[in-house]
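The values are calculated or read from the model by the stated rules, or taken from the named source; none is laboratory data. Everything numeric in this text was worked out from a predicted model, so none of it was measured. Every residue, glycine as well, gets a Cβ built from its backbone with ideal geometry; the counts of neighbours run over all protein chains shown. These accessible areas exclude ligands, DNA and RNA; they are computed on the full protein's heavy atoms, side chains included. Shrake-Rupley method; radii C 1.70, N 1.55, O 1.52, S 1.80 Å.
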Amino acid sequence: MNIPGSIYCKLCKECGSRPVIAQVEDIGYVVKCSKDNSHYQTMPGLIDIEDWNRHNTITPISIDYNLSPMMAW
């Protein structure tokens, strides 16, 4: 089932597609990538868009600054 555009959802960090809601037998629902089943999906149960958003946040790469030239003076 497609998630309405009025509900904020981050795109899949692996492929950039918008997530969908899928029913998992009698367990409940998952929020998952609409393109690939191997990408992240939430645990079965209630529809947890917040968990999806947390796991699809791209963290910036830490940069290792070389501060030794500044220490020479």
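Just need a number here: residues in region 1-29 that are open to solvent by 40 Å² or more (accessible area, probe 1.4 Å) and touching a residue at least 40 places away in the same chain (Cβ under 8 Å). Of the residues in that region, 5 qualify. Sub-6 Å Cβ pairs linking a first residue in region 30-43 that is open to solvent by 80 Å² or more (accessible area, probe 1.4 Å) to a second residue that is assigned to a loop (DSSP other than H, G, I, E, B), at least 6 apart or interchain, are LYS35/CYS15; LYS35/SER17, ordered by first then second residue. What are the residues in region 1-20 that are under 15 Å from the mean Cα position of the chain (by Cα) and more than 17 Å from ARG54 (Cβ to Cβ), if any? Those that are under 15 Å from the mean Cα position of the chain (by Cα) and more than 17 Å from ARG54 (Cβ to Cβ): CYS15, GLY16, SER17, VAL20.
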